[in-house]
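I have placed the structure first, in the form of structure tokens, so that the comments after it can refer back to it.
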Amino acid sequence: MSYVLAIDQGTTSTRAILFSSELTIAAAAQQEFAQHYPASGWVEHDPEDIWRTTLATGREALAKAGVRAAELAAIGVANQRETTLIWDRETGEPIHRAIVWQDRRTAGSCEQLRAAGCEALVAARTGLLLDPYFSATKIAWLLDHVPNARARAERGELAFGTVDAFLLWRLTGGADASRTLLYDIRRGQWDDEQLALFRVPRAILPDARDSADDFGFAQAEHFGARIAIRGVAGDQQAATVGQACFAPGMMKATYGTGAFALVNTGGTPVVSSHRLLTTIAYRIDGETTYALEGSIFVAGAAVQWLRDGLGVIRSADEAGALAAAADPAQSVYLVPAFVGLGAPYWDPDCRGALFGLTRATGPKEIARAALESVGYQTLDLIEAARADWPAGAETVLRVDGGMAASDWTMQRLADILDAPVDRPAIKETTALGAAYLAGLHAGLYPPLAEFAASWRRERAFRPSLANDVRMKMVAGWRDAVGRTLSGRKA
């Protein structure tokens, strides 16, 4: 039997999942790694932690299954997107810690470019917005703040990449590209005007390739044999594939540290007028499929805050039961703007707030507010997508990620959306998508239509909340957000 090893390199942990030729999970391993917060709004990762956990989890998954590396048909990689690394091309050594997608340090640079009227051009070329979430201003910050980095980059001595490119470089000596604010998604190439705008030398950039392609070989020293890497995608693109959202209008949302909702728009990029992102969902055999995307910066991170910040739960899986026991008469709202708000607000300067507290408010009500905030933010994204593409978005949302395991949270999500929510039988859809892309290119897995037909639902959540109650809850959320946005008085 042949296998595919999927590496799912996330924001707080790295996972490796071994899939069989029938796309069943043979083994899995996971390791968390440290988060670094050198200043308010700054978030960094040690690239060596990313590399170390990638190797360790891959080796552990193979060992658990008793599978030899020589039995692998391919490796697929999914990764946290926008997180930015620069390293020495000769030694592979990073010049600085990775600047994580959540990092806000370049908010001022983005505001200056916005004030100069640059956002329309950026959106037209890249489908993205001027926000510190994306890589371009992070690259410029590193080149400007690490001694001699800009001169070395212009001489071609340094390489930039998101996490996928960094891992490919370490595994094979080559790299590919993820989203950056520098890539023309319509022409399928790096954009010279964007490079000039963000002051990024072309010499530092990786190649851009299809999602299922030949990315080189992981050397034998890493896993015990030379293995082809044949699928690479950002985590949300990989989850879109893993959820088999191949038809225009299909929607998925992944609930990890943050949350990300994508609507497949087919072969035509839909321009958003509601501050969503126009992005590439995947490219297979040279054919590009586009999506509208909304980004929520804090989802599972709110549960981590309940555990690590407040100490009201010992483990994440306790949050749902605590929320279920909350006083239904209390209307408590958490706007989890710990690092600002993402789509559709894109406000990097606002900070988190709790509203509706009384003397009777306790851990149960705060837990419920934290979980409900994910539903409300998802509603904001879906309503924006429907406004941008009225004929496109279906009413069923396919969900995955760690928070999707909570029945209470998913039922509350369906209630807030007033729409069905489907949870798949294979919950590790990000890893599944990366594995499928790699196995597809290796000839191990079937074409897209056959793979889509194999998708199975584990549980359906259907809305059960009275409409007047729902509307009152949503109105309270919108008032809370309005009071939280920067420039607004509470």
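List of remarks:
- For the range 371-490, the relative contact order is 27 percent, taking Cα pairs closer than 8 Å that sit 6 or more residues apart in sequence and dividing their mean separation by the residue count.
- Cα gyration tensor category, rounded, prolate or oblate, for the range 400-490 with a/c compared to 1.5: prolate
- Estimated FRET transfer efficiency when R0 is 51 angstrom, pair Ala321-Val271 (beta carbons, to 0.05): 0.75
- Angstrom value of the Kirkwood radius, inverse mean 1/r, which spans all Cα pairs in the range 3-233: 18.2 Å
- Peptide packing: for 397-405, 432-440, the average count of neighbouring Cβ atoms within 10 Å per residue gives the ranking 432-440, 397-405, highest mean first.
- Relative to the current alpha-carbon distance between Lys472 and His145, full extension at 0.36 nm per residue lengthens the span by 112.9 nm.
- Difference of contour (0.36 nm per residue) and Cα-Cα distance, Ser2 to Arg456: 161.2 nm
- At most 11 other Cβ within 10 Å, DSSP loop - trypsin sites (Lys or Arg not before Pro), the range 249-333: Arg314
- Ordering of 99-111, 61-73, 367-379, 44-56 by burial proxy (mean other Cβ atoms within 10 Å per residue, highest first): 367-379, 99-111, 44-56, 61-73
- With the Kirkwood sum run over all distinct C-alpha pairs, the range 295-412 has a hydrodynamic radius of 15.0 Å.
- Ranked by the mean number of other Cβ atoms within 10 Å of their residues, highest first, the peptides 114-126, 335-347, 465-477 fall in the order 335-347, 114-126, 465-477.
- Neighbour-count ranking [beta-carbon atoms within 10 angstrom, fewest first] of Ile7, Ile185: Ile185, Ile7
- With a cut-off of 11 Å between beta carbons, the residues surrounding Leu465 carry a summed charge of +1, where Lys and Arg count +1 and Asp and Glu -1.
- Pairs of Cα atoms nearer than 8 Å and 6+ residues apart set the relative contact order; for the range 3-233 it is 20 percent.
- Spacing of the two label points (7 Å from each Cα toward its C-beta) at Ser331 and Leu357, in nm: 1.9 nm
- Approximating the spin labels as points 7 Å out from Cα along Cα→Cβ, the Arg386-to-Arg89 distance works out to 5.0 nm.
- In straight-distance terms, cross-link reach from Lys252 covers every one of the lysines whose alpha-carbon lies under 30 Å from its own, apart from those fewer than eight places away in the same chain; here that gives Lys138, Lys364, Lys427, Lys472.
- Length-normalised contact order of the chain in % [C-alpha pairs under 8 Å, at least 6 apart]: 15 percent
- Spin-label pair Glu32/Ala425, simplified geometry with 7 Å Cα→Cβ offset, distance in nm: 3.2 nm
- Potential lengthening between Asp192 and Phe338 on full extension [0.36 nm per residue; Cα-Cα distance subtracted]: 49.1 nm
- With N the number of residues in the chain, Rg(Cα) / (2.2 N^0.38 Å) evaluates to 0.93.
Any read-out appearing in this document is the output of simple, stated calculations on the displayed coordinates, not a laboratory observation. No experiment lies behind these values; they were computed from the predicted model shown. Reconstructed Cβ throughout: ideal geometry from the backbone, glycine too, with neighbour counts over all protein chains shown.
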